[in-house]
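Asks: I have a structure here, written as structure tokens, and I will follow up with some questions on it.
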Amino acid sequence: MTTPVITCYPQEEGMEMAFVLPEEFTSTKPPAPLSEDVVLQTLSPRRIAVVKFRGSISDAIISHKRSYLEQFLNSHDYIRKGTFFRLSYGPPWVPDFLKRHEIATRIE
């Protein structure tokens, strides 16, 4: 499994997830996807703002962390570009109280 797993918000039509490939694939071609639903993209470097937290995930927690980050950005005159997304670290078998997450957004 790769980390982080990136989940985009809001999820209006299904779920959109992204998996970060290991650095070794920057110089070689990654394996071809087995499904047409999987798309390979190379993203340019970007600047993001994040709020970190641990524990389980719920819509209420995501909404709270997103509001906190949005208020912070507004109070410090950062300009947000795009939507919010969640970065999750660690394998699925790790207990919830040890899981680490971030709510993030691109900024100028």
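The values are calculated or read from the model by the stated rules, or taken from the named source; none is laboratory data. Remember, predicted model here, so these are calculated numbers, not experimental data. Don't worry about glycine lacking a Cβ; one is built from the backbone with ideal geometry, like all the others, and counts go over all protein chains shown. Just so you know, the surface numbers come from the protein's heavy atoms only, side chains and all, with ligands and any DNA or RNA stripped out. Shrake-Rupley method; radii C 1.70, N 1.55, O 1.52, S 1.80 Å.
Asks: Under a 1.4 Å probe, what is the accessible area of region 68-108 per residue, stated in Å²?
Replies: Counting only protein heavy atoms, the per-residue value for region 68-108 is 64 Å².
Asks: What's the magnitude of the charge dipole for region 5-96 around its Cα centre, counting Lys and Arg as +1 and Asp and Glu as -1 at the beta-carbon? Answer in Debye, nearest 20.
Replies: 460
Asks: Can you give me the solvent accessible area of residue 81 with a 1.4 Å probe, rounded to the nearest 10 Å²?
Replies: Residue 81 exposes around 80 Å² with every protein chain in place.
Asks: Oh, and also: Considering only protein heavy atoms and a 1.4 Å probe, what is the carbon-and-sulfur percentage of the accessible area of the chain?
Replies: 53
Asks: Quick one: how many lysine pairs does the chain have with C-alpha atoms less than 28 Å apart and a gap of 8 or more or different chains? Give me the count, please.
Replies: Pairs that pass both the separation and distance tests number 6.
Asks: OK, next. Roughly how far apart, in whole Å, are the Cα centres of region 22-74 and region 78-108?
Replies: Rounded to whole Å, the Cα centres lie 6 Å apart.
Asks: Under the 0.36 nm per residue contour assumption, what length would be gained going from the current alpha-carbon distance of residue 58 and residue 15 to full extension?
Replies: Stretched out fully, the residue 58 to residue 15 stretch lengthens by 14.0 nm.
Asks: For the full complex of protein chains and a 1.4 angstrom probe, list 47, 86, 80 by accessible area with the highest value first.
Replies: Accessible-area ranking of 47, 86, 80, largest first: 47, 80, 86.
Asks: Output wanted: per-residue J couplings in Hz (rounded whole) for region 49-62, from phi through Karplus 6.51 cos²θ - 1.76 cosθ + 1.60, θ = phi - 60°, x for Gly and Pro.
Replies: 3J(HN,Hα) across region 49-62, in whole Hz: 10, 9, 10, 9, 7, 10, x, 6, 10, 8, 4, 5, 5, 4.
Asks: Taking the highest mean first, how do the peptides 32-43, 68-79 order by number of other beta carbon atoms within 10 angstrom per residue?
Replies: Listed from highest to lowest mean packing, they are 68-79, 32-43.
Asks: Then there is this: Among residues other than residue 89 whose Cβ falls under 11 Å from its Cβ, what is the net charge (Lys/Arg +1, Asp/Glu -1)?
Replies: Once positives and negatives cancel, what remains is +4.
Asks: Let me ask you something else. If each of residue 67 and residue 48 carries a label point 7 Å out from its Cα toward its Cβ, how far apart are those two points in nm?
Replies: 2.3
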